[in-house]
Amino acid sequence: MYLKYFSLDRAPFCLPPNPDFLYLSPQHGACLTHLRYGIEQQKGIIVITGEVGCGKTLLLQTFLQELEDSKYQKIVLKNPCIGAIDLYAEILRNLALAVKSRSPLEMLECIRKALSRLSEEQREIVLVIDEAQNLSVEMLEQIRLLSNIESSNHQSIQIVIAGQPELRHLLRTHGLRQLRQRVAVYYNLYPLRYLEMIKYIQYRLAAAGHTGGLKFTMPALVSIYRASKGIPRLINALCDRALISTYVRGSHTVSYRDARRAIRDLRRL
């Protein structure tokens, strides 16, 4: 609606994760470095936590794009509530292997043999489980069993577990102490600071084709930051609504009133 008016090529504050719009704040850059280190050094289990909307899924998408298909078999688990048998079956399907048995032990053995073959080809599996705070203790224990599989004396399956802060609390339970001890790399994402938010907004506008003319006043930025608490997803939602208000006014300056109107609209939901 407002793209042509503001001379933008595409929506700068779209909500679905898009690696083209990834702003690497210092902590997001550090998180990506932790992911790279964990995989390159074959650490086995990597855990990423962070508040809802802080950019975990976007970072994971960017990270997976970096991994060479010739070296890594990437498996993304989109439904973390599935049981152990479904987990193993999903892995086997991604490896283009027929599911001949519904026995967990036999399926694990089939996965082990597949890992051995991949190791001979100098390839590894990277299993990514997002929204892992929804996993049961039993499912997390099955993931630990997967991490125990080794081939040719090295870790041939790398597991990335990402989730909301509840995941961190879940991993601290006594029943998961064995899994917790296997976590070699851990990083927790925090919301953006105020100055980081300003750079974030500028970055997304530039990525959308903005070349100048559109600006946010300081009172507008302060209001957006206070309402969003620095969470990127909320920043996107507020900035999008504020741009609509600015467009309706026929202005190119996002004012405090535009920001407040956006905040009121969001709070009605």
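Below is a table of values for the structure above.
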| read-out | value |
| --- | --- |
| Odd one out for Tyr5 among (1) in contact with a helix residue (DSSP H, G or I) (Cβ under 9 Å, 6 or more places away or on another chain); (2) surrounded by fewer than 18 Cβ atoms within 10 Å (Cβ to Cβ); (3) farther than 30 Å from Ile198 by Cβ; (4) touching a residue at least 60 places away in the same chain (Cβ under 8 Å) | (3) |
| Qualifying residues in region 239-269 (those that are closer than 12 Å to Ala220 by Cα and among the aliphatic types (A, V, I, L, M)) - the one farthest from the chain's Cα centre (by Cα) | Val254 |
| Entirely in region 199-269, the helices (runs of 4 or more DSSP H) that have 3 or more residues that are free of Cβ contacts under 8 Å to residues at least 24 places away in the same chain and of a type in the set (D, E, K, R) | 256-267 |
| Single residue of region 64-80 satisfying the filter (free of Cβ contacts under 8 Å to residues at least 60 places away in the same chain and part of a helix (DSSP H, G or I)) that is farthest from the chain's Cα centre (by Cα) | Glu66 |
| Odd one out for Tyr186 among (1) surrounded by fewer than 19 Cβ atoms within 10 Å (Cβ to Cβ); (2) assigned to a helix (DSSP H, G or I); (3) under 25 Å from the mean Cα position of the chain (by Cα); (4) in contact (Cβ under 8 Å) with a residue 24 or more places away in the chain | (2) |
| Qualifying residue in region 67-90 (condition: polar (S, T, N, Q), more than 24 Å from Arg204 (Cβ to Cβ) and open to solvent by 60 Å² or more (accessible area, probe 1.4 Å)) | yes |
| Residue in region 43-59 that is most open to solvent (accessible area, probe 1.4 Å), counting only those that are touching a strand residue (DSSP E or B) at 6+ places or on another chain (Cβ under 6 Å) and either polar (S, T, N, Q) or under 23 Å from Phe13 (Cβ atoms) (or both) | Lys56 |
| Index of the failed condition, Glu138 passing every other in (1) on the phi > 0 side of the Ramachandran plot; (2) open to solvent by 60 Å² or more (accessible area, probe 1.4 Å) | (1) |
| Test: residue in region 19-42 that is part of a loop (DSSP other than H, G, I, E, B), within 24 Å of Ile244 (Cα to Cα), in contact with a Leu (Cβ under 7 Å, 6 or more places away or on another chain) and not small (Gly, Ala, Ser) | yes |
| Qualifying residue in region 193-206 (condition: crowded, with 19+ Cβ neighbours inside 10 Å, farther than 30 Å from Ile161 by Cβ and at pLDDT 95 or above) | yes |
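The values are calculated or read from the model by the stated rules, or taken from the named source; none is laboratory data. Bear in mind that the values here come from a model prediction, so they are computed numbers and not experimental data. Methodologically, a virtual Cβ is constructed for each residue, glycine included, from the backbone with ideal geometry; neighbour enumeration extends over all protein chains shown. Heads up: the accessible areas ignore ligands, DNA and RNA and are worked out on the full protein's heavy atoms, side chains in. Shrake-Rupley method; radii C 1.70, N 1.55, O 1.52, S 1.80 Å.
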